[in-house]
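Read through the structure below, which is laid out as structure tokens, and then see the notes.
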Amino acid sequence: MSEAIWSPCKKICVVDRNESICVGCFRTLDELGRWTAMSKDERLQIKDELAERERRYREARRT
């Protein structure tokens, strides 16, 4: 039996086309497309970046 793949998906799939990023989970469109093909280590590396991506995205829109 294979291991379940962790996903940061929050089921709020809204893409900011200018940034090419989902503003629900803050993965890039490329990451979304490759997610299931990525290694566990690749997914965990991205997981570590998501909070900072969200912070920068929201901060940029406050101005």
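Each reported figure results from applying straightforward, stated rules to the coordinates on display, with no laboratory input. On a predicted model such as this, the values are computed, not experimentally measured, just so you know. As a convention, Cβ positions derive from the backbone with ideal geometry for all residues, glycine included, and neighbour counts pool all protein chains shown.
The magnitude of the dipole of the chain, with charges of +1 and -1 set on the Cβ of Lys/Arg and Asp/Glu and taken from the Cα centre, is near 320 debye. Dividing the summed helix terms, -39500 (n - 2.57) for each DSSP H run of n ≥ 4, by the number of residues in the chain produces a 222 nm estimate of -13500 deg cm²/dmol to the nearest 500. Sequence gap at least 6, Cα distance under 8 Å: using those rules, report the relative contact order of the chain to the nearest whole percent. Relative CO of the chain lands at 24 percent. Loop-located GluC sites (Glu not before Pro) in the chain (DSSP state not H, G, I, E or B) with no more than 15 neighbouring Cβ atoms inside 10 Å: E3, E19. Sparsely packed loop sites in the range 1-40 (the trypsin sites (Lys or Arg not before Pro) outside DSSP H, G, I, E and B with at most 11 other Cβ atoms within 10 Å) comprise K10, K11, R17. Computed extension length for L50-V15: 11.1 nm, one decimal, from 0.36 nm per residue of separation with the Cα-Cα distance subtracted. Note the listed values (i) 12.5, 49; (ii) 14.4, 41; (iii) 10.0, 29, then indicate which one is Rg and Dmax of the Cα atoms in Å calculated from this particular structure. Answer by label: (i).
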